[in-house]
Amino acid sequence: MTGKAKAGTASANGRNLPFIYRRYDHAQLREALRKMHLIRQFEEGAEESYMRGLIHGTMHLSIGQEASAVGMCMGLSNEDQITSTHRGHGHCIAKGADVKRMFAEFFGKTTGYCRGRGGSMHIADVSTGNLGANGIVGGGIPIAVGAALTAKKLKTGNVVMSFFGDGANNEGAFHEALNMAAIWKLPVVFVCENNGYGMSTSVARSTAVKDIADRAAAYDMPGVIVDGNTLSEVAEASQQAIDRARAGEGPTLIESKTYRYRGHSKSDRNRYRSKEEIEEWMNSRDPIALYEAELMEFGIIDRAGIEAIHDEVEREIAEGIEFAKQSPAPEIANLEKYVYTEPA
Amino acid sequence: MDAATKTLETGTRELTYAQAIQEAMAIAMERDERVFLMGEDIGVYGGAFQVSGDLVERFGPERVMDTPISELGGAGVAVGAALTGLRPIFEFQFSDFATLAMEQIVNQAAKMRYMLGGAVSVPLVMRFPAGSGTGAAAQHSQSLEAWLGHVPGLKVVQPATPEDAKGLLLAAIEDPDPVMIFEHKLLYKMKGHVPEGHYTTPIGKADIRRPGTDLTIVATSIMVHKALEAAEKLAGEGIEAEVIDLRTIRPMDRRTIIESVCKTSRLLCVYEAVKTLGIGAEISALIAESEAFDYLDAPIVRLGGAETPIPYNPDLEKATVPQVDGIFAAARDLATGVR
């Protein structure tokens with residue numbers, strides 16, 4: 001794994017400090033924590049609203065994967081773009097979306113990012129560069145390559161980051177897209193968030209290689225493995241890949257090894273993994289707990305500061321849900337709007 | 001010169017259908033920096049049907065981009081490029097290969113704008129060399145336009161003439177939404193009048209190629225020419241067929257068809273794709289649901305492709321899709337009341 005320096009071995013003023021402590025100031029580091037809390041509480045709020053019947057359909061929660069979403073996006077500008085997945089709430093928030101409009105979308109309201117047409121699985125915020133979650137496994141990967149082609153042709157200097165899961169690495173789209181990005185040296189970063197399972201099927205049962213990052217070799221690009229639950233490791237690998245992409249040196253594949261606490265979707269009975277396995281990740285590898293411990297050890301925040309962030313986020317979530325509740329529903333008469341572009 | 005082409009040649013400058021498409025792409029690339037071509041072997045090879053020809057020499061490999069043989073990935077790249085500000089024209093080497101890219105066409109390109117509540121548009125053009133008659137057998141000869149015509153969010157056109165091939169392509173490039181263009185491979189070498197310079201043919205508008213009073217023949221693509229040839233023969237027997245070139249199958253020009261059937265009281269649909277669950281069914285239902293139903297003097301007749309893959313043997317291949325004699329016979333029987 002990259003980013004060998006661990007909080008326990010780093011000295012507060014030494015060169016061995018993990019990457020993010022060298023790169024970002026305290027306010028930025030606290031903001032990263034706030035975003036991780038925001039993602040977790042957003043998803044807990046969405047889950048609760050679903051249980052209470054306020055949100056219909058289904059949703060795929062990324063609780064446990066917050067460091068991966070936030071760390072990957074830390075080095076991206078607002079103009080840089082991402083494509084995301086069915087498990088995309090974290091990416092959307094990490095890229096800068098407003099949870100009010102996300103909740104409104106989940107509630108199917110006109111004030112939602114997709115005016116109630118997309119829901120959880122198609123959440124997008126093009127104003128912050130999020131080209132959209134995707135209901136098709138691997139669907140966003142070639143689209144990200146296309147966006148990177150635009151960046152190269154129009155010389156925008158933008159980088160595109162494509163998030164996908166371990167399941168997508170066995171889709172043809174993954175292989176075709178990585179190959180094209182490599183032959184055309186496009187400014188794209190491929191991020192495989194490996195949470196161990198494609199729905200119920202483990203990576204060991206579905207994938208011929210032990211590490212998905214090894215597949216980068218087939219496309220002559222760097223393949224990097226990070227501990228997806230350690231924010232600094234994620235951010236460091238991401239920054240290197242972003243710098244490489246922006247310098248015109250081509251794509252990188254990063255495998256972010258992480259874990260989802262919740263089931264695949266709302267129909268999951270968790271019959272393919274043990275309670276012990278889930279608890280082991282939750283109790284000893286929780287990305288938020290790990291990051292908080294690090295921040296406190298380096299004196300960047302104290303317990304009261306963490307609680308203040310938690311409370312502030314709690315208020316933001318409550319306001320978001322209230323905003324969604326109060327927002328108007330779409331009119332049935334507008335059912336066919338947005339299928340085609342209306343004549344100007 | 002056969003009757004069909006004579007009807008179409010009203011101007012002086014003639015181009016082939018393939019040349020007309022190439023001219024449209026060149027004009028679009030001259031006018032708009034964002035327009036570029038993607039596809040397999042469209043560069044120095046010139047495209048499997050020489051449609052892109054020497055465009056790579058004029059515009060360079062950055063704008064006439066050879067892709068790997070990756071239809072799904074390539075289509076996705078085109079979708080992503082269109083989504084973010086470019087205007088790609090993606091060529092499938094054969095329309096059959098669209099089956100490899102259905103995910104990106106159907107789930108992504110067609111639905112992106114809707115799923116995002118109008119926040120984006122996908123100004124993408126895809127070109128599909130389609131149809132039988134080249135001896136290429138079952139996997140290189142299909143007519144799959146109705147598949148894509150079934151998907152809200154897409155527009156689907158089938159130009160039948162060089163003039164429309166150019167005009168519809170220029171309209172497609174300027175359209176803010178994804179437009180799928182099905183080009184019949186046997187038409188690529190057909191010559192016809194093509195106006196100079198920039199012009200567009202409206203998407204969603206059918207064209208009455210031959211006015212008539214005794215029956216309406218709605219045809220698509222190459223079948224327009226076969227229907228016109230049959231119509232000339234019918235005229236020799238005193239039957240005046242009105243031949244409508246549908247041109248766009250989605251959105252369909254319902255009004256032109258309905259008005260024609262109200263006038264002629266008889267309808268024959270002619271298309272190359274497999275007969276069932278296709279364009280003929282849609283047009284028949286359209287008439288059954290409209291005021292034209294009351295004007296019908298005979299049951300609607302559909303002539304479509306046989307319920308079989310396209311065979312290799314040339315006689316079998318020919319027998320798979322409607323031909324002039326069959327159209328003539330069906331139209332005569334329909335117009336004279338023989339059932």
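Quick look at the values:
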| read-out | value |
| --- | --- |
| Solvent exposure, largest accessible area first (probe 1.4 Å, DNA, RNA and ligands not counted), of B:PHE128, A:PHE107 | A:PHE107, B:PHE128 |
| Value of [θ]222 nm, deg cm²/dmol, for the protein assembly as shown, DSSP H segments ≥ 4, -39500 (n - 2.57) each, nearest 500 | -11500 deg cm²/dmol |
| Residues of type lysines that B:LYS233 reaches as a straight line, Cα spacing below 18 Å, ignoring anything fewer than 8 places off in the same chain | B:LYS6 |
| Label-to-label distance, nm, for residues given as A:MET199 and A:ASP220 (7 Å Cα→Cβ offset) | 3.7 nm |
| Within 10 Å of each Cβ in B:67-75, the average number of Cβ atoms from other chains | 6 |
| Taking chain B and dividing mean pair separation by its residue count, relative contact order in percent (alpha carbons under 8 Å, at least six apart) | 17 percent |
| GluC sites (Glu not before Pro), loop per DSSP, at most 12 other Cβ atoms within 10 Å - longest free stretch of chain B | B:63-195 |
| Residues B:VAL338 and B:ALA306, FRET efficiency given R0 of 35 Å [Cβ-Cβ distance, rounded to 0.05] | 0.95 |
| Two-site label geometry, A:VAL209 and B:ALA285: point separation in nm, points 7 Å out along Cα→Cβ | 4.7 nm |
| C-alpha center-to-center spacing [the range B:98-142, the range A:302-327] in angstrom | 44 Å |
| Those trypsin sites (Lys or Arg not before Pro) in the range A:165-235 that DSSP places in a loop and that have at most 11 other beta carbons within 10 Å | A:LYS210 |
| Charge dipole magnitude, Cβ of K and R +1, D and E -1 - chain B, Cα centre, debye nearest 20 | 360 debye |
| 5 Å binning of all Cα-Cα separations within the range B:3-193, expressed as whole percents from 0 upward | 1, 8, 17, 22, 22, 16, 9, 4, 1, 0 |
| Average projected area [Cα convex hull, the protein assembly as shown], square nanometres | 32.7 nm² |
| Within 10 Å of each Cβ in B:106-115, the average number of Cβ atoms from other chains | 6 |
| Cα-based convex hull volume of chain A per residue, rounded to whole Å³ | 144 Å³ |
| Length added when fully stretched, A:LEU154-A:GLU312, from 0.36 nm per residue minus Cα-Cα | 52.8 nm |
| Sequence-distant lysines (8 or more away, or on other chains) whose Cα lies within less than 16 Å of B:LYS318 | B:LYS185, B:LYS226, B:LYS275 |
| Between helix B:324-336 and chain B: long-axis angle, C-alpha atoms, 0 to 90°, nearest 10 | 40 degrees |
| Relative contact order [Cα under 8 Å, 6+ residues apart], chain A, whole percent | 23 percent |
| Principal axes of the range B:207-334: Cα extent on each, largest first, Å | 43, 33, 24 |
| Rounded to 10°, Cα long-axis angle of helix B:222-236 versus longest principal axis of chain B | 20 degrees |
| Span from the the range B:319-336 Cα centroid across to the the range A:219-285 one, whole angstrom | 63 Å |
| Cα-Cα separations in chain B greater than 34 Å, expressed as whole percent | 22 percent |
| Sequence-distant aspartates and glutamates (8 or more away, or on other chains) whose Cα lies within less than 18 Å of B:LYS191 | B:ASP2, B:GLU9, B:GLU14, B:GLU23, B:GLU163, B:ASP164, B:GLU183, B:GLU229, B:ASP245 |
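The values are calculated or read from the model by the stated rules, or taken from the named source; none is laboratory data. Predicted model, so just to flag it, every value in this text is computed and none were measured. Positions of Cβ are backbone-derived with ideal geometry, glycine not excepted, and every protein chain shown enters the neighbour counts. We work out accessible area using only protein heavy atoms, side chains counted, and drop any ligands, DNA or RNA first. Shrake-Rupley method; radii C 1.70, N 1.55, O 1.52, S 1.80 Å.
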